[in-house]
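Student: Structure in structure tokens, see below.
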Amino acid sequence: MRLHYFLIFSILIWANTLCAQLRIGKLKYNGGGDWYANKTALPNLIHFCNQELGTRLQEEEDIVEVGSSSIFNYPYLYMTGHGNVVFSSTEAENLRKYLLGGGFLHVDDNYGLDKFFRLEIKKVFPESELIEVPFSHPIYHQKFEFANGLPKIHEHDGKPAQGFGIFQEGRLVLFYSYECDLGNGWEDQKTYNDPESKRQEALKMGANLISFCFTSQ
């Protein structure tokens, strides 16, 4: 089954690349949480990747429902928000198939997502734990070097930024950026008035995620 979905992903990526229509998706979920947060984040990240990595990503992300078969069209899915998340059993199974079949999910805690996400991801991978991704992992060493892991973009609780992941058969299928606010760092500068140096750190780490997703699966 995993090989079947992996072949589908490979064909989709190949076809999309030929047509210069490679797209990334933002995950829409139920529960009332603001899945739609960070509206300028992904377009800015896409622009940065197209400039710095030479990708040919479509300029706007697509909105993809977690229970939809269309998630299989996207090598990279982004999930964010501040509040509640609910996956039905059908949605959890669909997301599991996507991730086991070659997909990659980046979950970006936008301060407040953590307790809800940790509960719901157990529906997807009841047998697996979120573990901290070691600083030696390739995700921190793509075009841009992050020898000490995730950059800290915004302060909330005074905790360090951490990158957690779920691995399946040695493959990182889910990356969870916690206490970091990468997506806020990708937003238009006027949104949070972050120093440009912080925005660049966030965009570079985001580019590493895209690079890893498209080249290491």
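Residue-wise test of (1) among the β-branched types (Val, Ile, Thr); (2) more than 26 Å from Arg23 (Cβ to Cβ); (3) in contact with a Cys (Cβ under 9 Å, 6 or more places away or on another chain).
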{"position": "Glu129", "(1), (2), (3)": "no, yes, no"}
{"position": "Ser136", "(1), (2), (3)": "no, yes, no"}
{"position": "Lys143", "(1), (2), (3)": "no, no, no"}
{"position": "Gly165", "(1), (2), (3)": "no, no, no"}
{"position": "Gly170", "(1), (2), (3)": "no, yes, no"}
{"position": "Leu174", "(1), (2), (3)": "no, no, no"}
{"position": "Lys190", "(1), (2), (3)": "no, yes, no"}
{"position": "Glu201", "(1), (2), (3)": "no, no, no"}
{"position": "Ile210", "(1), (2), (3)": "yes, no, yes"}
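Student: Ok, one more. Pull up segment 14-46, narrow it to residues that are more than 29 Å from Val85 (Cα to Cα) and assigned to a helix (DSSP H, G or I), then point me to the one that is modelled with the lowest pLDDT.
Tutor: Filtering segment 14-46 for residues that are more than 29 Å from Val85 (Cα to Cα) and assigned to a helix (DSSP H, G or I), the one modelled with the lowest pLDDT comes out as Leu18.
Student: Still on this structure: Looking at segment 135-190, which of its residues are within 22 Å of Phe48 (Cα to Cα), touching an Asp or Glu at 6+ places or on another chain (Cβ under 9 Å) and charged (D, E, K, R)?
Tutor: Lys143, Lys152, Asp181, Glu187
Student: Consider only pairs whose beta carbons are under 6 Å apart and that are at least six residues apart or on different chains; among these, list those whose first residue lies in segment 85-97 and is farther than 24 Å from Tyr111 by Cα and whose second residue is crowded, with 16+ Cβ neighbours inside 10 Å and not polar (S, T, N, Q).
Tutor: Thr90/Gly67; Asn94/Gly67; Arg96/Val124
Student: Which is surrounded by fewer than 19 Cβ atoms within 10 Å (Cβ to Cβ) and either touching a Pro at 6+ places or on another chain (Cβ under 8 Å) or modelled with pLDDT of 95 or more (or both), of Phe214, Phe144?
Tutor: Phe144
For every residue, the table says whether it meets (1) over 14 Å from His137 (Cα atoms); (2) among the aliphatic types (A, V, I, L, M).
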{"residue": "Asp157", "(1), (2)": "yes, no"}
{"residue": "Ala161", "(1), (2)": "yes, yes"}
{"residue": "Gly165", "(1), (2)": "no, no"}
{"residue": "Phe175", "(1), (2)": "no, no"}
{"residue": "Asn184", "(1), (2)": "yes, no"}
{"residue": "Gln189", "(1), (2)": "yes, no"}
{"residue": "Asn193", "(1), (2)": "yes, no"}
{"residue": "Leu203", "(1), (2)": "yes, yes"}
{"residue": "Asn208", "(1), (2)": "no, no"}
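Student: Could you list, in sequence order, the residues of segment 47-76 that are within 16 Å of the chain's Cα centre (by Cα) and among the hydrophobic types (A, V, I, L, M, F, W, C)?
Tutor: Phe48, Cys49, Leu57, Ile63, Val64, Val66, Ile71, Phe72
Student: Just to verify a result, which residue in segment 78-124, among those that are of a type in the set (S, T, N, Q) and more than 24 Å from Gly158 (Cβ to Cβ), is surrounded by the most Cβ atoms within 10 Å (Cβ to Cβ)?
Tutor: Ranking the candidates gives Asn94 first.
Student: Could you say whether any residue in segment 75-84 is at pLDDT 95 or above, part of a helix (DSSP H, G or I) and out of contact with any Lys or Arg (no Cβ under 7 Å at 6 or more places or on another chain)?
Tutor: no
Student: Just to be sure, is Thr80 under 12 Å from the mean Cα position of the chain (by Cα), within 21 Å of Leu119 (Cβ to Cβ) and of a type in the set (S, T, N, Q)?
Tutor: When the stated conditions are applied, Thr80 passes them.
The values are calculated or read from the model by the stated rules, or taken from the named source; none is laboratory data. Please read these numbers as outputs of a predicted model, since none were measured by experiment. Virtual Cβ from ideal backbone geometry, glycine too; neighbours counted across all protein chains shown.
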